[in-house]
Structures are given as structure tokens and as C-alpha cells.
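The values are calculated or read from the model by the stated rules, or taken from the named source; none is laboratory data. Everything numeric in this text was worked out from a predicted model, so none of it was measured. Reconstructed Cβ throughout: ideal geometry from the backbone, glycine too, with neighbour counts over all protein chains shown. The protein model used for the area step is the full one, side chains on, heavy atoms only, and it has no ligands, DNA or RNA in it. Shrake-Rupley method; radii C 1.70, N 1.55, O 1.52, S 1.80 Å.
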Amino acid sequence: MKATMISRQDCLARDQDDALAPLRAQFDLPAGVIYLDGNSLGARPKAAMARAQQVIAAEWGTDLIRSWNSNGWFDLPKRLGNLLSPLLGALDGEVVITDTTSVNLFKALAAALRMQAAHADPARAARRIIVSERSNFPTDLYMAQGLAQWLDRGYQLRLVEDPADLAQAIDGDCAVAMLTHVNYRSGYQHDMAAVSARCHAQGALALWDLAHSAGAVPLDLNGDGADLAVGCTYKYLNGGPGAPAFIWVPKQHQAAFRQPLSGWWGHGAPFAMEPSFVPADGIARALCGTQPIVSLALVECGLDIFAQTSMAAIRAKSLALTDLFIALVEQRCASHPLGLVTPREHARRGSQASFTHPHGYAVMQALIARGVIGDYREPAIMRFGFTPLYTSFADVWDAVEILREILDTQAYDVDARRDAVT
Ligand SMILES: *Cc1c(COP(=O)(O)O)cnc(C)c1O
């Protein structure tokens with residue numbers, strides 16, 4: 001911990017030296033807002049408005065159904081998947097943007113369980129354990145529960161309480177480890193290479209959810225030996241509210257990858273209109289049905305901005321922003337009962353910083369009322385996401401200053417009514 005006090009002037013100087021600072025101009029952020037919730041809903045790329053206009057007015061309005069061919073609508077899941085691939089450490093033809101993260105997780109988990117069940121070794125095929133974490137994002141656990149129940153073949157979730165217990169839990173009974181790479185609440189980042197290697201040593205498959213990783217931290221899915229992955233585009237990738245998610249199936253698993261939502265977009269010849277399903281070759285077999293084209297098209301606007309920089313540059317600034325935030329909170333709010341939940345160790349940290357406070361919800365509501373937008377997650381956790389494309393060092397200083405004022409003056413309402421979305 002630095003003993004020297006950090007000033008706002010120091011932060012402004014860092015903004016001067018920040019090579020990513022000009023990219024902020026490509027986002028439309030309202031005046032008077034410090035947006036620290038890009039981990040939940042990314043800010044709007046300015047280009048999204050014109051792109052939406054183009055899709056709705058020209059492509060839909062004028063070109064009508066011809067757009068499936070002439071404007072590339074039909075190929076959009078694959079084309080955008082190829083634009084995303086470099087951020088994931090994936091190859092061309094390994095990613096599609098489609099459906100939701102929950103639905104893609106269902107497809108990927110079902111495919112992984114089937115790969116294991118079809119294994120030549122009967123002991124391997126008999127495995128029924130899905131390892132995950134109790135602290136995983138609930139929809140991941142819910143989807144696994146739903147699939148296990150529906151399959152009705154004795155599949156069970158084995159939930160670890162602590163990442164340190166993971167290696168032990170991934171044993172010779174484990175079929176699949178279904179893990180979220182960066183924890184949505186704590187910001188803890190798993191060692192993807194080590195956990196995937198542990199899976200393979202035990203004959204298990206490693207399925208990763210990258211909801212809080214894609215666009216936030218450098219990823220090397222192929223290099224780290226992951227087996228399957230899914231993730232969001234509406235968080236760090238700035239695809240827009242409810243934008244379609246992605247699914248990654250590496251070349252090595254594509255032939256064996258079969259998923260139960262075998263809709264016509266995953267068919268080898270969708271317009272042959274055959275009565276029997278035959279999966280497409282390659283990544284298209286991960287598709288199901290017709291996509292929300294307006295929403296899907298906007299994903300490109302976010303990806304275009306990532307194409308102007310590198311994940312290495314984004315990561316360096318992300319760590320600098322979260323280090324700064326943690327240091328300032330600890331310097332300026334030291335007399336208050338705040339507890340850091342996010343790992344200090346860089347390798348274990350995503351692109352967020354979470355603090356507990358006994359009145360976390362009320363304090364977060366007061367912050368939002370003052371224009372500092374983060375969010376709240378049970379239990380008692382204030383979550384702040386740091387998005388290097390549009391967050392400045394001065395933003396961090398100003399946000400902490402507002403937090404300090406709120407805490408020092410107790411300017412929060414402990415009886416604040418809970419909104420439906422916290
Ligand atoms: C945000 C998030 C989701 C969201 O899933 P949706 O299907 O888009 O609602 C899923 N999993 C994790 C780990 C997340 O962080």
C-alpha cells in the first residue's frame with residue numbers, strides 16, 4: 001500500500017498519459033455521470049444509433065427480406081463471432097454470437113455431458129458430477145439444475161465454497177467443471193490454464209462462462225486448454241441491453257459437439273427443409289433459430305472499438321484503475337466499515353472492485369443519486385466495474401470523493417426501498 005496521498009492532480013496527470021483516453025469520445029455518456037457499471041450493462045457506443053437506424057430504415061424498411069442475403073443477416077452470428085474471436089484467444093470459425101448466455105450455457109453443458117457419456121471408457125461415460133461454485137452467478141446453477149433434472153440420469157451439481165477447494169472437487173467422478181472465470185460478485189479470477197489442466201488430468205471437461213471476462217481481461221481459450229465457453233456481449237463488450245451472447249466451440253470438439261436445441265439454424269442445410277435434423281459442420285451447429293437482427297447488429301459497434309486497441313492495453317489500464325480505486329477508498333474512507341472483497345493479487349482480479357458495507361444497498365442508492373453508478377449484490381456488496389475504454393483516472397478520484405462525503409455525513413437512507421433490479 002502506498003503511503004503517499006494521491007491527489008486529483010495526480011489522476012489528471014495519469015489521464016494525460018493514457019493512450020486509451022481518446023476512445024471515450026466514441027461512447028455517449030450522460031453529463032454528470034460516473035459510470036462504474038459497465039460490467040453489468042456497457043455504455044452505448046455512439047455508432048450504435050446510426051447502425052440501428054441503418055438496420056431498421058434501410059435494411060428492414062427498404063431491402064426487406066432480401067436483407068438475409070444482401071445485407072448479410074444470415075451470416076451475422078458467424079461474422080460477428082469472428083470479430084470477437086481475437087479477444088477470446090479463439091480461431092476463426094469457433095465462435096457465434098447468438099441467443100442468451102443462459103441458453104448458450106444450457107447448450108454447452110448438454111454437449112459436454114454428452115461428449116462424456118459417449119466416451120469409450122465406460123467409467124468415464126458413467127460420470128454424473130458437474131462441479132461448480134456456490135458463489136457462481138445463479139442462472140448458471142439454475143440452468144445446470146434444469147438440465148440435470150430434465151435429463152433424469154442422475155446428474156448432480158457438486159458446489160465448492162472456495163476456489164481453493166476446486167482442484168480437490170474435480171476428481172475422477174467429475175464429468176464437467178462448469179465455472180465462471182471472473183466471479184460476478186467478488187471479481188475473483190480463476191487460473192483458467194491450471195483449472196483446465198486439472199480437469200484434463202482427471203478426465204473431465206472445462207466449460208467456462210466468460211460473462212465478466214470477455215472485453216475485461218485478456219483471454220487465451222485455446223492456449224489455456226479450455227473445452228467450451230459462453231459469455232455476454234452486453235457487459236464489457238458494449239453490445240446493448242439484452243444483446244445476444246456468444247458460444248465458443250473449438251475445432252477439436254466441433255465434430256463431437258451435439259446440443260439439444262437443434263433448431264433449423266443449426267441444420268447443415270437449413271433451406272433444404274428436410275424433416276430430419278442433420279447438424280451443420282463447424283460452429284453453426286451451436287445455433288438454434290432466427291436471431292434478433294437489430295440487437296445483434298449493434299454488437300458490431302462495440303467490437304469495432306475493441307479493434308482499435310489491444311486487450312493488453314485494456315488490462316494494464318484496468319488494473320491501474322482498480323488499484324487506484326482500492327488505494328483511494330482505503331486512504332480516504334479509512335474510518336468506515338468497508339471491506340474489500342476483490343483479490344488484491346492482479347492475477348486473481350477481474351476488472352471490478354467490490355466492497356462490503358453494512359448499509360451497502362443504501363450507500364449505493366446514495367451514490368447513484370449523486371451520479372456515481374455502481375450496483376449492489378447480496379450480501380452487503382457494493383460493486384464497482386471499471387471499463388478502461390471510457391473510465392478515466394479522474395472519474396475514479398471523483399467517485400471516491402463522493403463516496404467519502406456520503407459516508408462521512410451518513411447521507412444515505414438505511415430504510416431505502418429496494419427496487420426490483422438492484
Ligand atoms: C451476467 C451473467 C449471466 C447473464 O445471463 P443472461 O442469460 O444474459 O441473463 C450469466 N452468467 C453469468 C456468470 C453472468 O455474469
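Side notes on the structure shown:
- Positive-end residue, the stretch 124-236 charge dipole about Cα centroid, Cβ charges, pick of P163, Y188, V230: V230
- Solvent accessible area, Å² - W60, 1.4 Å probe, full protein context: 150
- Computing FRET efficiency as 1/(1 + (r/R0)^6) for E274 and A201, where r is the C-beta to C-beta distance and R0 is 56 Å, gives about 0.85.
- Sorting R198, R114 on solvent-accessible area from highest to lowest, probe radius 1.4 Å, gives R114, R198.
- Three-way shape label, the stretch 316-422, alpha-carbon gyration tensor, a/c 1.5: prolate
- Nonlocal amide H pairs with D99, under 5 Å, H built at 1.01 Å: A245
- Gyration tensor verdict on the stretch 74-307 (Cα atoms; rounded if a/c is under 1.5, prolate if a/b is larger than b/c, oblate otherwise): oblate
- Distance between the stretch 80-108 and the stretch 255-294 - C-alpha centres, whole angstrom: 15
- The stretch 74-307 - share of DSSP beta bridges that are antiparallel (%, nearest 5): 35
- In the stretch 74-307, a dipole from Cβ-located charges (positive for Lys and Arg, negative for Asp and Glu) runs towards its positive end, and of L84, L205, A125 it is A125 whose Cα lies farthest in that direction.
- Measuring only protein heavy atoms, the 1.4 Å probe finds V33 accessible over about 40 Å².
- One decimal place: the segment Q9-A320 gains 110.4 nm when fully extended, by the rule 0.36 nm per residue minus the C-alpha distance.
- Chain lengthening between S102 and K251 when straightened (0.36 nm per residue, less Cα-Cα): 51.4 nm
- Mean separation of Cα contacts under 8 Å, 6 or more apart, over the residue count of the stretch 74-307: relative contact order %: 24
- With 29 Å as the limit, the listed pairs K78/K235; K251/K317; K46/K251 have K251/K317; K46/K251 beyond it between alpha carbons.
- Added length on full extension, which subtracts the Cα-Cα distance from 0.36 nm per residue, A126 to Q331: 68.4 nm
- D162 accessible area, assembled protein chains, probe 1.4 Å, Å²: 70
- A Förster radius of 25 Å combined with the Cβ-Cβ distance from T422 to A369 puts the calculated FRET efficiency at roughly 0.95.
- Relative to the longest principal axis of the Cα atoms of the chain, the long axis of helix 101-117 makes an angle of roughly 50 degrees.
- Percent RCO, i.e. relative contact order, over the chain, from Cα pairs under 8 Å lying at least 6 residues apart: 22
- With a cut-off of 15 Å on the backbone N, the residues of the stretch 374-391 near the modelled label site 7 Å out from T356 along Cα-Cβ are 377-383.
- Whole-Å distance, taken between Cα centres, linking the stretch 376-391 and the stretch 12-54: 16
- Both numbers refer to the Cα atoms of the chain; Rg and Dmax are 22.3, 71 Å.
- Overall, the anisotropy analysis places the stretch 6-165 in the oblate class: the square-rooted eigenvalues a ≥ b ≥ c of its C-alpha gyration tensor yield a/c not less than 1.5, with a/b not exceeding b/c.
- The charge dipole of the chain, taken about the Cα centre with unit charges on the Cβ atoms of Lys, Arg (+1) and Asp, Glu (-1), comes to about 400 debye, rounded to the nearest 20.
- Stokes-Einstein diffusion coefficient of the stretch 355-418, Kirkwood radius over Cα pairs, 25 °C, 0.890 mPa s, in µm²/s: 204
- Backbone N within the stretch 357-374 under 20 Å of label point (7 Å from T409 Cα along the Cβ vector): 359-374
- Listed residues I65, G242, T98: farthest to the positive end of the dipole of the chain (Cβ charges): I65
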